[in-house]
Amino acid sequence: MTMLRIDRRLLENVDWPLLAAAGALVLTSAVTLANLNVGRAGGAAARQLAWFGVGFVALVVVASIDYRRLVRAAPAFYLLGLAGLGAVFVLGRTVSGARRWIVWGPLSVQPSELFKIAFVLMAVWVITSRWAQPVGRTTVALTLPIVAVPALLIVKQPDLGTALMLFPVLVILLIGAGVRLRLLGGLALAGVAAAPLAWLVLRDYQRERILVFLDPLRDPLGSAYNVIQAKIAIGSGQLLGKGVAGATQSRLAFLPERHTDFIFAVFAETWGFVGCLVLLVCYVLLLLRGFDIAASAREPVGRLVALGATSLLATQVLINVGMVIGLLPVVGIPLPLMSYGGSAMLASLMALGLLLSVRMRQFQ
Amino acid sequence: MRARRERPLSALSGRRPGPPRRDQGQRRVVAIAGVVMAAFLVLVGQLWYLQVLEGGRFLDASDKNRIRVRPIAAPRGILFDRRGVPLVDNRPAFTLSLIPRELPREPVSRDAVLGRVASLLGLPFQELLDAVARVQPESLFPVRVRRGLTLEDVAKIEEWKLELPGVIAEVEPQRVYPASRFAAHLLGYVREASEEQLRSGRYRRGDIVGQSGLERLLDQYLRGKDGGERIEVDAMGRPVRLVQQTEPRAGAQVVTTVDRRIQEAAERAMDGRAGAVVVMDPRNGDVLAMVSTPAFEIDRFTGTIDRAAWLRIVQDPSFPLLNRAVQSQYAPGSVFKIVVAAAGLQEGTLTPADRVNCTGEFRLGNMTFRNWREDGGSVDLYRAIAESCNIFFYQAGLRIGGATMARYARAFGFGAPTGIDLGGEKPGLVPQPRRGRRNPWPAGETVNMSIGQGALLVTPMQVARFMSAVANGGVLWRPRLVQRVERPGQGVVWSDAGEVNGHVALAPVVWAFLRQALWGVVNDGGTGGGARIPGLDVAGKTGTAQTVAKSKASLGQDHAWFAGFAPGKDPEVVVVVLVERGGTGGQVAAPIARKILNAIFLERVARAGFPG
């Protein structure tokens, strides 16, 4: 357990503003969940805080380990993660048509959430590996299988959002590693060309969601219901919000998934445009700290780990809020630190742990 | 290019000292951060658009989401008889209603909802489309599409209610009658507002409106004002909280002059024959009963009546919608002889002592007028009335003259509407002198008029008013159907104190003689013996109005009249019975009058029959 020994020098470099922003977001989440009164005896807020406790321990553990050792062990985490994704097909519990959870006693774990962290570490391991040098076509080629295999597994679960998220995170890592933008642009074009093929792979409900995004009135009582109700909730919040009691869209359950993927709509209805600004500023602060850690890292592994963790959070925030406010199609991606869900909370806090780990060892 | 490609590891290294100079890796991180921040600005822009620019619209949409409007239909006012017994009542019934504001706004999804309703309840889709096409899309008022839903229909709507926004099974009070054909013409039927009534602007589509009888006359009072509730519901449509409630205001209560027992007795007494009965209080003109047969099934109209059923009633050859008591005109027949006798006695052209040999026929020039029997013997005025001797009245009529008879007929209220509060009343007809002719009153017409035939036409209601005047000594009351209209909490909002609209001035001895003669018709071997009730002095006059035979089967089937009052001294009721093509007044109409009088005076007759 020497790994866990934390010396004074490390503690001095803890990024307190980062933790403060994260703490504020978790608190906001708990308050929002408490007002929603969902779940068993309205215990969602308490469970969320409990998960925060568990996640915070994970954060401390991750932060206290040298990230370079974590990256070195990345293949093992990655394979474990793949095994978890595979296990879902055998042990998984089906919730609303998707097998994403493994139930273990009173807990249900969503392997795809935790896999994101393993994925970031694995991507960094591959990019910085001997075989990937010099950074260029070879690097890109080597990273493709590590994104393709899990993406396929996750799509089959089906969890389109998480699968799609892996790509921007990988692209950001490759950009950060110095891959020429022209090369990535070419890949992007190839991706667009392959999009019709992807359409064939998609399930009917996933296609429907994309069509609904393009035309929300396609099926107002079916797939478009979420989008319409979320827009009504957010818009009706107006400048200052309707307050807890007045937030009828959320309180009277017109908003589906209001404690998980659509929690931002609840917040927006309750606190209005001004509240949304404050919340987004919290995320911006958190992410800017992450980018600062990446920028000020002194060696490539630390920089890429920090960049990967930050982009993981940034991508989720942007896609989630974007979909809730109607800018993107509805894909199942939680809002980090806000949405109710233990696995996601754990994954987000572990990402923050990675950031702290890099920060604390920045001056070694 | 090549050099840059080999550089990346150094770019990643970041080990280059000196903070001011950023290496490529740092620049890229900063650029990525910039792109992410730009994306956040896009989010803020969209939030500004949704919450600040379009916020009001979405606030409205969220209210529309959570607030459900549930109408509470006001019960229509109740009509009571003179003793406070209801003539018509309400019972709760289910109505399919659409709330326009709660229906989906987009035509495609709205049609999907209407289509589902149509298939669930087996209704024509077009009917639902038409119903919503004519109302404001944001209207909160229910459009009542179909009445009389079965419990199964209601269950289906409730079961599918989440898929049927804006569709409700509403509880709406509906008319219920003591019997299917009870007082149909008096009460009148209610029905959904017609296109014409909708154009008047006073009604909304699907409103129940009184279409005939008292329901139409008093519609503005009988109609209540619907109330409603605004309920906050959750996404499952479960009510959470009552936001606002407006109590419905029931329609006003109407106290009529009708006596339900007498009305029912009169309907029973007609026993399927076509005709009319009017029972009137001669002391004030109150209509105690008014029957017209055949009657229509008044309860068929309360729900949504389909076109075929409606046409069946309208096209029925026996005209069940016609109120024969006020809308049909008949020759009065011998009932008119009372007018002739009154005119003659008052004018001095006739005396009770005049005698005529009542033979089989009467010749005037080349015309022959027949009597209804051959062997009447010598009769005076009293016996001529009692036995209804035509020959006597032919001669009397010629002596009195057509103009005088017409003047007395008008004085007794014939030839003009009675002014009863029912639509479509016919005025009857009293012959006018022929203008520009040397002889304005041809003798033949005068002879015909003297026995109530010819051009003369009266309604049963006119006969009742006339007979009331005979019974009360000459006062012509406007027939009164409604005493007052009361609104709960407001008291009397409309009342009818009764009105005298004519007076016939005859010498008291003339009145006395006429009443004596009418008593004789029933009780002294006259034609009205069928109306005789031991213990009760019934007075009256029979009449048999000849009709033009339309076919061989109806040949000789004359309209049978009986008009009388009781008790003979201080009369309390006037009964007029008309049976269309029923036969003679004495054989057909008088017994019906007896049954009605029997029912009215049941207690008194029983006491007289069993003294002590």
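The values are calculated or read from the model by the stated rules, or taken from the named source; none is laboratory data. Bear in mind that the values here come from a model prediction, so they are computed numbers and not experimental data. Counting neighbours? That spans all protein chains shown, and the Cβs are built from the backbone with ideal geometry, glycine included.
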Legend entry - Selection within the range B:439-480 - farther than 14 Å from B:Ala409 by Cα, of a type in the set (A, V, I, L, M, F, W, C) and either outside the structural domain of B:Asp286 (by TED's automatic domain parsing) or assigned to a loop (DSSP other than H, G, I, E, B) (or both): B:Trp441
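Conditions (1) within 21 Å of B:Asp306 (Cβ to Cβ); (2) touching a strand residue (DSSP E or B) at 6+ places or on another chain (Cβ under 7 Å); (3) away from every other protein chain (no Cβ under 14 Å), marked per residue:
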| position | (1), (2), (3) |
| --- | --- |
| B:Leu59 | no, no, no |
| B:Lys64 | no, no, no |
| B:Leu79 | no, yes, yes |
| B:Pro92 | no, yes, yes |
| B:Leu98 | yes, yes, yes |
| B:Ala112 | no, no, no |
| B:Asp130 | yes, no, yes |
| B:Pro137 | no, no, yes |
| B:Arg146 | yes, yes, yes |
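So which of B:Glu247, B:Glu264 ends up being outside the structural domain of B:His185 (by TED's automatic domain parsing), more than 16 Å from the chain's Cα centre (by Cα) and of a type in the set (D, E, K, R)? Can you show your working first?
Details: B:Glu247 fails: outside the structural domain of B:His185 (by TED's automatic domain parsing).
Checking each option against the conditions leaves just B:Glu264.
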Inset, instruction - Among the residues of the range B:418-446, write down those that are hydrophobic (A, V, I, L, M, F, W, C), more than 32 Å from the chain's Cα centre (by Cα) and either at pLDDT 90 or above or surrounded by fewer than 17 Cβ atoms within 10 Å (Cβ to Cβ) (or both). - result: B:Ala443
Inset, instruction - Could you check B:Ala38 against (1) in a helix (DSSP H, G or I); (2) touching a Leu at 6+ places or on another chain (Cβ under 9 Å); (3) within 11 Å of another protein chain (Cβ to nearest Cβ) and say which number it fails? - result: (2)
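Check every one of the strands (runs of 3 or more DSSP E) wholly within the range A:1-118 and list those with 3 or more residues that are modelled with pLDDT under 75. Step through it out loud before you land on a result.
Numbers: elements: A:92-95, A:98-104, A:107-109.
Output list reads A:92-95, A:98-104.
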Inset, instruction - Just one of (1) surrounded by fewer than 20 Cβ atoms within 10 Å (Cβ to Cβ); (2) touching a residue at least 24 places away in the same chain (Cβ under 8 Å) trips up B:Trp519, so point out which. - result: (1)
Legend entry - Search result, residues across the range A:305-341 that are more than 10 Å from every other protein chain (Cβ to nearest Cβ), touching a Lys or Arg at 6+ places or on another chain (Cβ under 9 Å) and in a loop (DSSP other than H, G, I, E, B): A:Pro329, A:Val330, A:Val331, A:Gly332, A:Tyr340
Legend entry - Residue that is nearest to B:Asp153 (Cα to Cα), among those in the range B:58-95 that are among the basic types (Lys, Arg) and touching a Gly at 6+ places or on another chain (Cβ under 9 Å): B:Arg70
Inset, instruction - Starting from residues that are more than 13 Å from every other protein chain (Cβ to nearest Cβ) and among the acidic types (Asp, Glu), keep the ones in the range B:224-268 and report whichever is nearest to B:Gly285 (Cα to Cα). - result: B:Asp259
